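Scroll down for the structure; my scribbles are underneath it.
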Amino acid sequence: MKTVLITGAASGIGKACAERMSREGYCVAAADLNLEGAEAVAEELTASGGRAIAVRMDVSSEQEVEAGFDRMMEEFGACDLVMSNAGVQIVHPYESYPFEDWRKMMAIHADGAFLVSRAAYRRMKESGKGGRIVFTGSVQSFVGSKLKEPYNFAKHGVAGLAKAIAREGAEYGIYTYTICPSYIKTPLVEKQIPEQARDLGISEEEVVRNIMLRDTVDGVFTTVEDVANTLVFLANDQGALTGQSIRLTHGWAMM
Ligand code: NAD
């Protein structure tokens with residue numbers, strides 16, 4: 001059986017991907033800062049006949065990341081696929097963006113992407129079998145948005161990190177990808193709607209229509225299923241797509 005470790009698996013995109021990969025026959029390590037949430041996901045997967053464990057992992061902690069991967073190796077004995085997905089959003093007008101919040105964003109998005117992908121890389125190289133590392137980027141890996149400078153900085157960085165690892169990892173059969181969705185209605189986005197309305201002085205409907213969906217070609221949200229479908233597709237890629245960013249943006253940020 002193949003294995004997958006997903007960070008941020010207690011909610012939103014990570015949870016949907018954990019459920020889908022379990023249905024695809026993967027052993028799932030559901031990793032999250034929110035251990036209770038990860039346990040609920042693992043229990044649900046086990047109850048539906050899958051193999052799953054919950055792992056408490058703060059992706060900004062080197063010790064917790066390494067311990068979480070060790071736990072997965074003990075339990076499943078392999079590290080075939082890893083999704084570095086955990087993330088948060090903190091929006092503020094740029095001139096008053098607190099340095100503390102910038103640091104928090106970097107710790108989760110930049111340090112987290114590094115620590116999780118390095119932990120995966122080490123184990124995939126050591127196994128001699130390689131593997132696939134998938135980052136959750138964003139449409140914000142390609143465009144800029146008001147109030148989101150640190151998020152833009154980090155999500156652009158993640159796409160670059162995937163390209164560099166793709167070069168170094170190729171000889172070991174390690175492939176990397178960045179899945180870049182536009183807005184998906186998950187708790188992370190539900191929280192932003194009132195915050196952006198407050199900071200920009202507009203209504204919540206205007207945030208959805210004039211900001212979140214304005215640059216799509218059809219005014220439609222991306223979905224967690226779109227991401228899960230892409231993950232399944234990439235899990236079967238034999239290297240043709242390594243290093244690439246896959247844009248799930250309803251026409252916003254086309255190549
Ligand atoms: P979500 O809030 O539903 O889930 C995020 C999960 O990450 C939560 O379970 C949370 O507990 C976990 N988490 C937060 N900090 C953590 C940490 N330090 N260590 C481990 N886990 C931590 O959000 P989501 O929308 O599913 O977002 C998942 C990823 O997708 C993020 O990287 C986000 O930036 C990205 N993304 C989201 C959207 C969107 O529109 N929802 C679009 C593009 C990209």
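Laboratory data are not the source of any read-out in this text; all were calculated from the coordinates shown. Owing to the predicted nature of the structure, the values given are computational and were not obtained by experimental measurement. Quick reminder, even Gly has a Cβ in these numbers, built from the backbone with ideal geometry, and neighbours come from all protein chains shown.
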Gain in span if fully extended, Lys163 to Arg122, counting 0.36 nm per residue against the direct Cα distance: 13.1 nm
Segment 124-255, relative contact order [Cα under 8 Å, separation at least 6], %: 32
The helix 62-76 Cα axis meets the longest alpha-carbon principal axis of the chain at an angle in degrees, between 0 and 90 and rounded to 10, of 50
Sorted from fewest to most neighbouring beta carbons within 10 Å, what does the list Trp252, Trp102 look like? Trp102, Trp252
Along the dipole axis of the chain (charges at Cβ: +1 for Lys and Arg, -1 for Asp and Glu; origin at the Cα centre), the most positive-end residue among Met1, Val143, Gly128 is Gly128
Holding the Cα-Cα limit at 32 Å, pick out from Lys129/Lys155; Lys2/Lys148; Lys163/Lys185 the pairs that are longer than that. Lys2/Lys148
Relative to the longest principal axis of the chain, what angle (0 to 90°, nearest 10) does the C-alpha long axis of helix 35-47 take? 60
Taking 0.36 nm per residue of separation between Arg23 and Asp218 and subtracting their Cα-Cα distance, the length gained on full extension comes to 67.1 nm
Taking 8 Å as the Cα distance limit and 6 or more residues as the minimum spacing, I'd like the relative contact order of the chain as a percentage. 18
Hey, rough spin-label estimate for Lys104 and Lys2, points 7 angstrom out along Cα→Cβ, what's it come to in nanometres? 3.6
By how many nm would the segment from Phe233 to Glu43 lengthen if fully extended, with 0.36 nm per residue of separation less the alpha-carbon distance? 65.8 nm
Hey, rough spin-label estimate for Tyr94 and Glu195, points 7 angstrom out along Cα→Cβ, what's it come to in nanometres? 1.9
